[in-house]
Amino acid sequence: MENYREHALEGASAVDLVVALYDGIIRFLYAAITAVERGDADARRAAVKRALDIIIHLQARLRMDIGGKPAQSLSEFYASVFAQILHASQSVSRAKFEHVIDCVRNVRDAWREVAKDSSVNPTSPRAITVPTRATDADQGTAAKSSWTA
């Protein structure tokens, strides 16, 4: 399976790679839920660490000098998601993990739309809407942006 993933990502665009990273966060959060249900604290911590590592990677790659306000909004979103994941893990709460998954999925779906539109016309930049906080993503509210991906 790992070989398949590597080959699938070889020709991927930058936006496709971001979507794949969001998918990874979601996958690891589901693994954390499974660990919570089994009462396996070590597996929960390992899954949480992997999800947090991806968030740190995404945060570190933000270009504030180029991205402006949308990059700042993504930075705030990542910080909020990071804190919510830690809180879910500390409280050993399936519901809190599911809430974070919903937030991440919402933003991931926006990136998927960008990827889909870019594949139809890769030279046409597309504006995306970035939630200012993870709770905004869950509630469907977002800061409007003219930032293009």
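Read the figures in this text as sums done on the coordinates, not as results from a lab. Computed from a predicted model, the values in this text were never measured in an experiment. Counting neighbours? That spans all protein chains shown, and the Cβs are built from the backbone with ideal geometry, glycine included.
Couple of notes before you dig in:
- Pairwise label distance in nanometres, His57 with Asp42, each label 7 Å out on the Cα-Cβ vector: 2.4
- Mean Cβ neighbour count within 10 Å, used as a protection proxy, ranking 38-50, 88-100 highest first: 88-100, 38-50
- At an R0 of 25 angstrom, the distance between the Cβ atoms of Glu113 and Ser93 translates into a FRET efficiency of 0.25.
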